[in-house]
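Below is one structure, written out as structure tokens, with a few remarks after it.
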Amino acid sequence: MTFLSGILNPSRQKRILPLLVVLLVATLALTAAALAQDETPEPSPVERARQATVFLMQTYESAGTQILSCVGSGTIVSENGLILTNAHLASSLGPCRGDRIIVALPVRLDEPPVPTYLAEPVVIDEGLDLAVLQVRGSLDGSLIDTSALNLPAVTIGDPSTLTPGSAMSVVGYPDLSTSSVTHVPGVVTGITAEKGGGSMAWLRTDSELGGTMAGGGAYNANGQLVGVPTSAPGTSGTTPGPMCLSVQDNTRDGLITEADACVPIGGDVTSVRPIVFARPLIESARRGLQMERAPGLPSSPPVDEPSVSRLFFSTGVTANGHPVDVVTALPSGAKSLFLFFDYANMQPGTPYEIRVTRDGIDMPQFSLGPLAWGGGPNGIWYVGTEGKTWPDGNYEFTILLNGQIAASRSITIGAAPDPEIFRNLTFGLPTADGTLQQPGVLFPAGITRLAAQFEFSGMREGQSWREVWYLNGTPIFDETRTWSAGSDGQTTASINTEEGLPLGNYRLELYIGDRLAATGDVTLAGTASADGSPRIFADTRVSSEIARDGSPAGQVGSSGLTLPLGVNSIYAFTDWDSIPNGLEWTYRWFLDGRLIASKTERWDAGGVGEGYWVSLSSDSALPEGQYTVELLVKNRPMYSASVAVGSGAQPISGIEAESDEVFIQGRVVDALTGEGIPDALVIVLDVMLESPSFTWNESEIHTQAITDRQGAFSLPRGLPRGNYYTMYVFAEGYITIVEDNLTIFRSQESPATMTIEMSRP
């Protein structure tokens, strides 16, 4: 691999008091004098964080009275009134129905907040339980000029530098706004991995935080915002959960009793969502951008109650998201443990919680939630930790849904592990020499054979073992055999048919005796390309408008289209083939290399069709710059298109200016001929994430691009200086390149150009 142009490779509720109704119906008009600040020294980082923390009240009207439905904290992230908080405080999910969101400001830091503004949601991601609000008006409903607000805003930091033991304080409101804004110091007690969130999906804190602190801010030692404390407030239905307080006389009987509506305040906050998940939402809200997609086929909501099943443990997660192994016990000193489970009939925002006990004693440092569910209706999930020693004992993991126990599973640490092991299950297309081609979790429909390789150890001749294959949850192959492959080594299980395997979701379970020893899930979708990889999308095109019949309109062209200043939308169209409904996919937009919008959903448009579209729009004109849209299936890029608006260049400002970045462009070429290689995939992982730790989760990828017909590429997101990165380069017919030491020096100019030379086998 040759790099040119200077890229070198040389790294808590203290108390609860009734909320005064006056907070709900206040028409207080704060004067400029009341808000005026005396000339004081520059506030400390803690003071700045407290000044930027607001109390949010979601209300709805009943019989002419504003009824409080949900409360929580929020953080001002821009001077013009953008507020970052939890999605459940901004949407109408579950018990948090509302017509208005009241923003109370900390006018004086030693006094309760004062209801001042009305805000409305700008961007909501229910899966992440994150939202960005925009202050719109005064309490009387009159609109305000947001550009003249000049509110105190926080600085956003980098959570990737945090490790267990790092200082991390939390700022928010400890009760129903009867107290002043509170700063709670603490440390990071752990980092939790989770499917869909990568190796740093959650930061754990030892701070004692009540449910009303949710939605506030978590800060590093420099006073920079690094996360959002999160806790689900009740249930996914309209009935609040057990953590609920009646604070208003809704029945108008002169008393506040259980007959009155109560406010869900949620359980204790133990988990913090890293700010990296919120950055695209903030960027999109800052620029007034909205993301849409083509409507799917009609569907019915789940009629059964949400459930979990098939709980088991593993010591890790493979690069393709499968359990490394399946264990029932671990020896002393174990530092890695993951809980896997199947889930069904889940709804967005369903509160779920994992409670962990050791010998009957609560272990909050290993527990998680309550959190709002965002993993789709059906599938397999995992949660785990690495690098933290688990003390010896018998651990019980209990999963709660809507505050009710759904399932539990136990494991002993400090005991003899299972002697017979299956490990590192990997799926792929078998070759004549016994190797696997295109290893992964996504394969084209119609292939005649699908194989799964796995390692084994401690096996005995004559040991009974079992191989079971499923298609969309139905067994299609089940055979029990006698082991004869030796004690240690590697072998293959496979399924085949001359007619071709149909599209759908496949699962393999391997048993040693009656014990589950290995399992993995893959999907067959799309058609086979020349190298055996799946091709799902084709015939891509872009436009500035959409016609009534759903076809491209306005200015229409291929990737690379230039649109004039003043356009307010970009549409990207594609045809598709052989996609099963329910398949996980992601669509996201970049502006001048920075991720500004991203959403992961389940496919609902049917197996085959034409003219599916995704769009990015603004109420006014789109900012000038270079826009790139990507569609990913199972975190694998399948579609990419770029459009320039105006000159295609935009000055760096706001959040963008907080980091010093280098943008990478260049070509991927054949090492012998020097010719460009089209459709090569260039991936750069998150800062300091090396290849052995890469689990192929989207959140672990910093940026990526696909080369054009001439082999040219431009990574849409910059690389902050002074860090090292891992780069992957994939191309059909070429040896994959993995570079674990791509260093971006502080002296590196931007943009930087590189040439990547690839060799054939």
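The values are calculated or read from the model by the stated rules, or taken from the named source; none is laboratory data. Note that this is a predicted model, so its numbers are computed, not measured. Glycine gets a Cβ as well: all are built from the backbone with ideal geometry, and neighbour counts include every protein chain shown.
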Out of (1) farther than 22 Å from Ala597 by Cβ; (2) out of contact with any Asp or Glu (no Cβ under 6 Å at 6 or more places or on another chain); (3) not acidic (Asp, Glu), the one Leu130 does not meet is (1)
Glu455 fails exactly one of (1) part of a strand (DSSP E or B); (2) more than 14 Å from Ala518 (Cβ to Cβ); (3) of a type in the set (D, E, K, R), namely (2)
Expected output for the stretch 500-518 (first residue assigned by TED's automatic domain parsing to the domain that holds Met459, partner part of a loop (DSSP other than H, G, I, E, B) and among the hydroxyl-bearing types (Ser, Thr, Tyr), Cβ below 9 Å, 6+ apart or cross-chain) is Gly500/Thr448; Leu501/Thr448; Leu503/Ser578; Arg515/Thr328
By residue number, the members of the stretch 269-286 that are of a type in the set (D, E, K, R) and either in contact with a helix residue (DSSP H, G or I) (Cβ under 9 Å, 6 or more places away or on another chain) or outside the structural domain of Gly186 (by TED's automatic domain parsing) (or both) are Arg279, Glu283, Arg286
By residue number, the members of the stretch 180-209 that are part of a loop (DSSP other than H, G, I, E, B), at pLDDT 90 or above and out of contact with any Leu (no Cβ under 8 Å at 6 or more places or on another chain) are Pro185, Gly186, Lys195
Looking across the stretch 384-404 at residues that are modelled with pLDDT of 95 or more and not polar (S, T, N, Q), the single one that is surrounded by the most Cβ atoms within 10 Å (Cβ to Cβ) is Ile399
If we take the stretch 283-363, then strands (runs of 3 or more DSSP E) inside it with 2 or more residues that are under 30 Å from Asp268 (Cα atoms) are 307-314, 336-344, 351-358
Counting only strands (runs of 3 or more DSSP E) entirely within the stretch 471-524, those with at least 3 residues that are small (Gly, Ala, Ser) are 489-496, 515-524
In the stretch 39-64, anything assigned to a strand (DSSP E or B) and either surrounded by fewer than 16 Cβ atoms within 10 Å (Cβ to Cβ) or among the small types (Gly, Ala, Ser) (or both) is listed as Glu61, Ser62
Residue match in the stretch 99-113 (condition: touching a Cys at 6+ places or on another chain (Cβ under 9 Å) and closer than 22 Å to Gly210 by Cα): no
- Message: Val132 - would you say it is touching a Pro at 6+ places or on another chain (Cβ under 6 Å), β-branched (Val, Ile, Thr) and either crowded, with 19+ Cβ neighbours inside 10 Å or assigned to a strand (DSSP E or B) (or both)?
- Response: no
Sole miss for Pro370 among (1) in the same structural domain as Arg515 (by TED's automatic domain parsing); (2) within 30 Å of Ser231 (Cα to Cα) is condition (1)
| Somewhere in the stretch 64-87, is a residue over 36 Å from the mean Cα position of the chain (by Cα) and either among the aliphatic types (A, V, I, L, M) or modelled with pLDDT under 80 (or both)? | yes
